[in-house]
Amino acid sequence: ETGVTQSPTHLIKTRGQQVTLRCSSQSGHNTVSWYQQALGQGPQFIFQYYREEENGRGNFPPRFSGLQFPNYSSELNVNALELDDSALYLCASSPFQMNTEAFFGQGTRLTVV
Amino acid sequence: QKEVEQDPGPLSVPEGAIVSLNCTYSNSAFQYFMWYRQYSRKGPELLMYTYSSGNKEDGRFTAQVDKSSKYISLFIRDSQPSDSATYLCAMRDTGGFKTIFGAGTRLFVKA
């Protein structure tokens, strides 16, 4: 098991609502990336935070936003939820900006109804 | 066309077989190539990564990168039922932060 923990593990939300997902990075890691993994697909990069700043973003709309805190934990916020947002959301932490050696948490399964 | 293509399988082999998993890609700027293993209801676990072309071996696992063909492979020797999982290839360029994953190949190793 990695030292990356995510909460909650499962979540059900209604279309149009807002959701916040949380991630505690592995000790000593200052970089956190978030991914969306739809069923049967590989993870898709949402964005990356390094020392509390967003320094890379994938093809996701602005209603996907995030934060990183001084202790390097992180949040992913999604506004105006859509049915297609139903997926496994993964957080990965790494000791450097270049996240070749990234350690993933177990994910949060979000279902939008 | 996707940047990274990976056959979703499923791939079913008997215990002890040599498994070959492959990905192709279109972006010649990719320099880092990773393989992850993902068990059901778990996050991906990094198995190996390779920089640029060449081979890398770690126990029963061997990763190969052929940049001229834009083709990467993962070989698993003496496969075990515990190797049954989804295997994801991933890659990125030198200066970027965005890692691109393949769709994953589901592997079943039968005892």
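Data for the structure
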quantity: For B:K67, residues with placed amide H under 5 Å, excluding near neighbours; calculated: B:G54
quantity: Sequence-separation-based contact order of region A:1-45, relative, with Cα cut under 8 Å and 6+ spacing, percent; calculated: 33 percent
quantity: Full-stretch length increase - A:R57, A:Q17 - with 0.36 nm per residue and alpha-carbon distance subtracted; calculated: 12.1 nm
quantity: Sulfur and carbon atoms: percent of accessible area, chain B [1.4 Å]; calculated: 48 percent
quantity: Net charge, B:L88 excluded, C-beta distance under 13 Å - Lys, Arg +1, Asp, Glu -1; calculated: 0
quantity: List of region B:80-107 residues, accessible area with partners at least 40 Å² below that of the chain alone (1.4 Å probe); calculated: B:R92, B:F97, B:K98, B:T99, B:F101, B:A103
quantity: Chain B - Kirkwood radius from inverse mean 1/r over Cα pairs (Å); calculated: 14.0 Å
quantity: Region B:25-111, relative contact order in percent, only Cα pairs under 8 angstrom and at least six apart counted; calculated: 30 percent
quantity: Burial of 30 Å² or greater, region B:1-50 residues [accessible area, probe 1.4 Å, versus chain by itself]; calculated: B:Y36, B:Q38, B:K42, B:G43, B:P44, B:L46, B:Y49
quantity: Distance between region A:26-88 and region B:33-111 - C-alpha centres, whole angstrom; calculated: 23 Å
quantity: Lysine-lysine proximity count for chain B, Cα under 26 Å, sequence distance 8 or more or distinct chains; calculated: 13
quantity: Reciprocal mean inverse distance between Cα atoms of the protein assembly as shown - Kirkwood radius, Å; calculated: 17.9 Å
quantity: List of region A:68-113 residues, accessible area with partners at least 40 Å² below that of the chain alone (1.4 Å probe); calculated: A:M98, A:N99, A:T100, A:E101, A:F104
quantity: ³J(HN,Hα) computed for each position of region A:55-66 - Karplus, 6.51 cos²θ - 1.76 cosθ + 1.60, integer Hz, glycine/proline x; calculated: 10, x, 9, x, 7, 10, x, x, 5, 9, 9, x
quantity: Total accessible area lost when B and A pair, probe 1.4 Å, Å² to nearest 100; calculated: 1700 Å²
quantity: Size of chain A as Cα extents on the principal axes (Å, biggest first); calculated: 38, 28, 23
quantity: In sequence order, calculated HN-Hα J values of region B:39-55 (Karplus, 6.51, -1.76, 1.60; Hz; x Gly/Pro); calculated: 7, 4, 6, 10, x, x, 10, 5, 8, 7, 9, 10, 9, 6, 8, x, 10
quantity: Accessible surface, region B:8-111, averaged per residue in Å² (probe 1.4 Å); calculated: 45 Å²
quantity: Length-normalised contact order of chain A in % [C-alpha pairs under 8 Å, at least 6 apart]; calculated: 37 percent
quantity: Surface per residue (accessible, 1.4 Å probe) for chain A, Å²; calculated: 47 Å²
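The values are calculated or read from the model by the stated rules, or taken from the named source; none is laboratory data. Quick caveat, the model's predicted, so the values are computed rather than measured. For neighbour counting, all protein chains shown are included, and Cβ atoms are generated from backbone atoms with ideal geometry for every residue, glycine included. Surface areas here come from the heavy atoms of the whole protein model, side chains and all, with no ligands, DNA or RNA. Shrake-Rupley method; radii C 1.70, N 1.55, O 1.52, S 1.80 Å.
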